[in-house]
């Protein structure tokens, strides 16, 4: 693990309605409404890769959103999907329901000549109600830590068979129009979430053993400290498993964040709450 990997860059503020990210290398602290954590992404080869990350804040400044995606392949196809994804997330910055965001993006990929298999996780947090909602498109399931129990559990609700363990719903860009699931959680300050791409699970040892979900559990269970500390522990475990200073098998991306007290904004929240309720009735 390099020195730059062990020390994330300090956070920078987000403007209301801003969407920030890409498919390049990043290791930085994250500060969003109600969320504090660390984002790590490193392509396995070159300056850019197939993993895409975007963070956003809605127009009212009260809603935080995280999107991690994994596009099959590298190069111009990934760049094109990333450009479309950024534009779509910017247009959807105030859309409450992640299912609608994924469904519309999937349609644009399928109909816009960008039919490249793309998995994604989209997580939205509303600090005034301490509500976290998550949707997946064929992406590995994240993890949720409950401070009151000290336990990490999968960040998803029950899914219908025959879903593949660890994956929820179909990827985008493969010609289908699935109905995406939405998973709801009420969280408290001190709770945490971990989102990641399959490069974390598929980090291989010299004898070809994957890091997989058991490797993540071994790192997280009983671990203490800040999100930065846990991020460093996860990175160190990945490097130990690979027995290398380089994770050259695949792009690796993860976000590890803690829920904190968010902006109450009583007057602004009243306006935003009405918008939330209107969208959820549709």
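The values are calculated or read from the model by the stated rules, or taken from the named source; none is laboratory data. Here the structure is a predicted model, which is why all the values come from computation and not from measurement. FYI the Cβ positions are ideal-geometry reconstructions off the backbone, even for glycines, and counts take in every protein chain you see.
At-a-glance table
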read-out	value
Single match in 228, 245 (criterion: surrounded by fewer than 19 Cβ atoms within 10 Å (Cβ to Cβ), modelled with pLDDT under 95, more than 17 Å from residue 142 (Cα to Cα) and under 18 Å from the mean Cα position of the chain (by Cα))	228
Selected residue (criterion: modelled with the lowest pLDDT) from residues of segment 73-106 that are touching a strand residue (DSSP E or B) at 6+ places or on another chain (Cβ under 7 Å) and surrounded by fewer than 16 Cβ atoms within 10 Å (Cβ to Cβ)	73
Residue in segment 4-18 that is crowded, with 22+ Cβ neighbours inside 10 Å and in contact (Cβ under 8 Å) with a residue 24 or more places away in the chain present	no
Selected residue [touching a helix residue (DSSP H, G or I) at 6+ places or on another chain (Cβ under 9 Å), in a helix (DSSP H, G or I) and within 29 Å of residue 263 (Cβ to Cβ)] from 109, 105, 122	105
Residue count for segment 52-73, restricted to those that are within 25 Å of residue 192 (Cβ to Cβ) and more than 11 Å from the chain's Cα centre (by Cα)	8
Residue match in segment 71-83 (condition: under 15 Å from residue 124 (Cβ atoms) and without any contact (Cβ under 8 Å) to a residue 60 or more places away in the chain)	no
Test: residue in segment 90-100 that is closer than 30 Å to residue 212 by Cβ and in contact with a helix residue (DSSP H, G or I) (Cβ under 9 Å, 6 or more places away or on another chain)	no
